[in-house]
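The values are calculated or read from the model by the stated rules, or taken from the named source; none is laboratory data. Here the structure is a predicted model, which means the values were calculated and not measured. Neighbour counts are summed over all protein chains in view; Cβ atoms, including those assigned to glycine, are modelled from backbone coordinates with ideal geometry. When the accessible area is computed, the model is the full protein with side chains, heavy atoms only, and any ligands, DNA or RNA have been set aside. Shrake-Rupley method; radii C 1.70, N 1.55, O 1.52, S 1.80 Å.
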Amino acid sequence: MSSSTVITHIATLVTNDPSLGDNSPLGLIQDAALVIDGDRVVWTGESSKAPATDNHLDAGGRTVIPGFVDSHSHLLFAGDRTEEFNARMSGRPYTAGGIRTTVAATRAASDGELEHNLTRYLTEALRQGTTTFETKSGYGLTVEDESRALRIAAAHTDEVTYLGAHVVAPEFAADPAAYVALVTGEMLDACAPYARWVDVFCEKGAFDGDQARAILTAGQAKGLIPRVHANQLSYGPGVQLAVELGAASADHCTHLTDADVDALAQGDTVATLLPGAEFSTRAEWPDARRLLDAGVTVALSTDCNPGSSFTSSVPFCIALAVRDMRMTPDEALWSATAGGAAALRRSDIGRLTPGARADLVLLDAPSHVHLAYRPGVPLVTRVWRGGTAVG
């Protein structure tokens, strides 16, 4: 039998419900309270009106926000690319070819080593307030290695993405068409049972528009929902292909034409921005302001991976988005919570309203603005996932 808990004296409660509190997109309630029963939020409102419950916690004038929803990460890997990062910071530009370094290390790793790495980074992210995460395969590039990565991931999250089309496997370098046939055939058959999503790196040096279409439509035929690595390194067809195929998200969105922005604004595909990648590669920042002003739904995620964005910290990405991508603190927080939920087509997370999963974070600050105002400071003091305190 579940027990109920009320958290009172919350300086600022972020609900992400504009019908509550100040009627802003964040639905801010001042001097608030929140009631958890089992794994759900069952009540929010003013602290003075909080109902009686089995347990009580005084927030002491601190802020409560929804748990972060990291809708784009690459956590099934082995090895380290410190030398590549060091070289790049000395002036060498990032290219898709670096992925192959991690492929070799991942293929050589045992299942236990891969799972140990995964749980290590999940624990690290959870301490920083991430309560929902998506993760991908893409560092095996063989039938056996891709399927085992997804099998391991599926034991830890429902949001598992098949990314056999990360780059062309080294042994198929001379015959990319044969690799596409493998990705859409035997590899897909082995991987689909463990995945919810299918993804492709649509980019020069990876897969072109025709190849990406073939991979995504094959995944759809197996019941997987598309998401696309789109327009990260250059202008290309990825964003418009994502919208055309009804992808849940187009991720990166760094190099966009007006037609790309219009397509996103008129469709249901979320633009997922990943500032950790630009930070770690000294690349051009995505223009979040342009997307937001056009009415595009924007998500904000870490892109945690060993090559181009080795951070699990959503607060760090929020600070980058506010400082360098022209997002307001409110927009950045919304995008890292409700926006991530939209990118995963989830309505039960990314908000703190009755009926939502009780995924919440207590910040040692009077306002969520401190996430950007005090960059690098560990403000997350307690985390609940599914109503259970986990940090």
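Worth a mention:
- Residues that are open to solvent by 70 Å² or more (accessible area, probe 1.4 Å) and part of a loop (DSSP other than H, G, I, E, B) were ranked within the stretch 42-60; the one that is nearest to THR381 (Cα to Cα) is ASP54.
- Taking (1) assigned to a strand (DSSP E or B); (2) open to solvent by less than 40 Å² (accessible area, probe 1.4 Å); (3) not aliphatic (A, V, I, L, M) in turn, ARG88 satisfies each apart from (1).
- Where helices (runs of 4 or more DSSP H) sit wholly within the stretch 114-195, those with at least 1 residues that are crowded, with 24+ Cβ neighbours inside 10 Å and acidic (Asp, Glu) occupy 143-154.
- Of all residue pairs spaced 6 or more apart or on separate chains, those with beta-carbon atoms under 9 Å, a first member in the stretch 357-379 that is more than 19 Å from THR131 (Cα to Cα) and hydroxyl-bearing (Ser, Thr, Tyr) and a second member that is modelled with pLDDT of 95 or more and open to solvent by 60 Å² or more (accessible area, probe 1.4 Å) are SER367/TYR373.
- Residue selected from the stretch 309-329 under the condition under 19 Å from LEU256 (Cβ atoms) and in a loop (DSSP other than H, G, I, E, B), by the criterion most open to solvent (accessible area, probe 1.4 Å): ARG326
- Scanning the stretch 349-391 for residues being open to solvent by 40 Å² or more (accessible area, probe 1.4 Å) and in a loop (DSSP other than H, G, I, E, B) gives a total of 13.
- Residue match in the stretch 254-261 (condition: buried (at least 23 other Cβ atoms within 10 Å of the Cβ), within 15 Å of the chain's Cα centre (by Cα) and either closer than 28 Å to ASP210 by Cβ or not acidic (Asp, Glu) (or both)): no
- Residues in the stretch 333-375 that are among the polar types (S, T, N, Q) and more than 19 Å from the chain's Cα centre (by Cα) were compared, and the one that is farthest from ALA248 (Cα to Cα) is SER367.
- Which listed residue is surrounded by 24 or more Cβ atoms within 10 Å (Cβ to Cβ) and farther than 30 Å from ARG374 by Cβ, from ALA242, ALA265, ALA336: ALA242
- Members of the stretch 26-41 found to be within 26 Å of the chain's Cα centre (by Cα), assigned to a strand (DSSP E or B) and farther than 21 Å from HIS368 by Cβ, listed by number: ARG40
- With respect to the conditions (1) in a helix (DSSP H, G or I); (2) touching a Lys or Arg at 6+ places or on another chain (Cβ under 8 Å); (3) open to solvent by less than 30 Å² (accessible area, probe 1.4 Å), LEU216 lacks only one, and its number is (2).
- Where ASP199 falls short, out of the listed (1) in contact with a strand residue (DSSP E or B) (Cβ under 8 Å, 6 or more places away or on another chain); (2) among the charged types (D, E, K, R); (3) in a loop (DSSP other than H, G, I, E, B): (3)
- Residue within the stretch 72-80 that is at pLDDT 85 or above, buried (at least 20 other Cβ atoms within 10 Å of the Cβ), of a type in the set (S, T, N, Q) and not in a helix (DSSP H, G or I) present: yes
- Options VAL243, VAL296; residue that is over 16 Å from CYS202 (Cα atoms) and not polar (S, T, N, Q): VAL296
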